[in-house]
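Reading through the structure tokens given below for one structure.
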Amino acid sequence: MSETQTAQPVDPRMPRPNEDWKTAVPARGAFDEAACDRILALGGAMRDGTIGPTFLGDDHRDSRIDWLHRNEETVWLYDRLRPVLKEANKRFFKMNLSGYTEALQLTEYGEGQYYDWHIDFGPGPTSIRKLSFVVQLSDPASYEGGDLEIMNSRDPQAMPRDRGVIIMFPSFTLHRVTKVTRGVRRSLVGWIGGPPFA
């Protein structure tokens with residue numbers, strides 16, 4: 001996809017807006033194979049992923065991360081994500097959003113690594129994480145396990161694994177990445193924030 005092409009904002013197989021509350025919405029078309037490779041090339045030295053102050057133990061997360069701050073090399077990525085996230089929020093979530101809360105996170109799960117059930121609310125009295133998103137960067141055939149699962153009602157729901165798909169969901173949604181049993185799963189993770197819920 002060229003820089004001027006417009007992404008398909010929301011998966012057409014999803015229900016029309018207002019028919020049903022959506023726990024998570026996938027969108028395809030913003031990132032092709034070349035774009036996924038370009039994102040992966042932005043990563044530098046990976047470090048252990050951590051969890052902020054929480055009651056969750058140190059064994060709740062095992063992954064490697066790098067932060068992709070907005071700069072000349074990454075501005076295309078931030079700009080390409082924005083309209084997809086805006087459209088999904090307009091059609092499905094309808095939250096008061098103001099923008100990215102922090103840098104984008106490149107995440108890597110090798111064999112045996114995982115992230116157990118959690119929500120994404122971040123720190124901050126005036127702006128909190130409200131919309132989370134994950135871009136799948138790995139070829140789904142290159143790894144096993146490593147499913148992004150969303151808790152939908154009482155049962156976990158595995159999200160699409162195709163390369164380049166964007167999964168969007170409210171940051172208060174319980175979710176996890178199951179243990180990778182073969183290969184490496186790489187993804188891009190980010191958050192859109194806004195005023196605290198009234």
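Where a number appears in this text, it was derived from the coordinates with a stated rule and is not lab data. Everything numeric here is computed off the predicted structure, so don't read it as measured data. Glycine gets a Cβ as well: all are built from the backbone with ideal geometry, and neighbour counts include every protein chain shown.
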message: Using a Förster radius of 41 Å, what is the FRET efficiency between Asn71 and Arg154 based on their Cβ-Cβ separation? Nearest 0.05, please.
response: 0.40
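What's the magnitude of the charge dipole for region 135-184 around its Cα centre, counting Lys and Arg as +1 and Asp and Glu as -1 at the beta-carbon? Answer in Debye, nearest 20.
In debye, rounded to 20, region 135-184 gives about 100.
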